Amino acid sequence: MPARIIGTGSCLPGRTVSNQELEEWVDTTDEWIRERTGIEQRHLAVEETTTSMAVEAAKAAMENAGVSADEIDLIIVGTVSGDMCFPSTACQVQSQIGAENAVAFDINAACAGFLFGLSIAEAYMQADMARTALIIGGETLSKMMDWQDRSTCVLFGDGAGAAVVQKDETGILGLVQGSDGKRGSALTCRNRPVNNPLVKNDPMPDHTQMDGREVYRFAVKTVPQAIEEAMEKAGTEPGEIKYFLLHQANLRIIESVAKKIGQPMEKFPTNLQKCGNISAGSVPILLDHVSRSGMLKKGDKIVLAGFGAGLTWGAAVLVW
Ligand code: ACO
């Protein structure tokens, strides 16, 4: 498959909120959050926006890849929390980084957004429609939470991650994507309701609602299957994979996936302890952290996997 990640970048808000600080905001405890999720703190936007973090992540990824803005011909942003309904976050990023030759658009695949973006970029490159792409996952989930609802607000954080993907002879070895709209009610956030001269509704948007147990069941069943399918497509055995970089929703989900695939937890780096769940941002931020800490060398095989609202999921096997 002719697409390879050649650079990564990420951006997190400057303000962190510990579990202890959350105890002052909502009826919860540090102990409950750590035991059930592994999360210790999250970054929450104050001055930052989805677009500003996506721009910073994109600039860092381009610098890391040694690619200039005019070489970018495709920008895809996975997000459920853009600052504007339109223009898209991707078009705003295009404008701010000066990528004048790019086609730019957003996709909504929730926590699988980065994986879906990677699939689209790969397909564009197969079809000779793009050579150098910026794939970004960025979220300001904190604005979509009910900060009185302890069952959701403690789980999420804000941030953005980006990767430069370029046409190459190797790189992505196997990709799978899936959706199950029938189970979509497990994790929802309504957009603004109809409000016009014929219908009067409260124009205030909804907050995130989740059936945590249903999402947990979905994740621990579907993610190992998707990873195994991607490895089969890539002709790769689990033992050949250096790291499995999973969506950072919950440590227990990651432990369960590791067990099902029969691989040790040391192969599953995490940053959810410090970042919480950043939906589409989780996978590219973790990839950037792992890459910049020198844990990857050329030729390493890694797996990326995302899963979330929709329900949606995606997994990819890559050679670094
Ligand atoms: N602090 C203290 N108590 C809490 C909190 C909290 N933050 N949240 C819920 N509780 C209480 C509940 O009220 C309930 O109390 P009760 O027994 O008196 O009624 C008790 O804890 C158990 O609640 P459950 O929701 O049943 O807890 P569960 O063990 O299922 O854990 C969790 C909840 C962590 C969300 C779990 O279901 C899970 O990991 N689900 C996966 C979903 C996930 O990670 N979603 C992230 C977004 S989706 C995505 O990114 C894919």
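Assorted remarks:
- Normalised contact order of the stretch 174-319, rounded percent, pairs of Cα under 8 Å and 6 or more residues apart: 35 percent
- Accessible area per residue for the stretch 127-215, computed on protein heavy atoms with a 1.4 Å probe, is 52 Å².
- Here the calculated FRET efficiency for E237 and K182, from their Cβ-Cβ distance with R0 = 41 Å, stands at 0.80, rounded to the nearest 0.05.
- Over the chain, dividing the summed -39,500 (n - 2.57) contributions of all DSSP H runs of at least 4 residues by the number of residues returns a 222 nm mean residue ellipticity of -10000 deg cm²/dmol.
- Rounded Å value of the spacing that divides the Cα centres of the stretch 165-233 and the stretch 88-139: 18 Å
- Put a plus charge on the Cβ of each Lys and Arg, a minus charge on the Cβ of each Asp and Glu, and nothing anywhere else: the dipole of the stretch 3-169 about its Cα centre is then about 300 debye.
- Rolling a 1.4 Å probe over the protein heavy atoms of the chain, with every protein chain left in place, gives an accessible area that is 49 percent carbon and sulfur.
- Computed from the C-alpha gyration tensor, the three semi-axes of the ellipsoid equivalent to the chain are 28, 24, 19 Å, from longest to shortest.
- About its Cα centre, the dipole of the chain is roughly 640 debye, where the only charges are +1 on Lys and Arg Cβ and -1 on Asp and Glu Cβ.
- Packing order of peptides 74-86, 152-164, 36-48, highest average first: 152-164, 74-86, 36-48 (average count of other Cβ atoms within 10 Å over each peptide's residues).
- Mean separation of Cα contacts under 8 Å (6+ apart) over length of the stretch 21-91, as relative contact order %: 23 percent
- Net charge contributed by nearby residues that have their C-beta within less than 9 Å of G281 (K/R +1, D/E -1): -2
- Each Lys or Arg adds one and each Asp or Glu subtracts one; over the other residues with Cβ under 14 Å from the Cβ of S18, this totals -2.
The values are calculated or read from the model by the stated rules, or taken from the named source; none is laboratory data. None of the values given here were measured: they were computed from a predicted structure. When we count neighbours, we look across all protein chains shown, and the Cβ atoms used for this are built from the backbone with ideal geometry, even at glycine. The accessibility values were calculated without ligands, DNA or RNA, using every heavy atom of the protein model including side chains. Shrake-Rupley method; radii C 1.70, N 1.55, O 1.52, S 1.80 Å.
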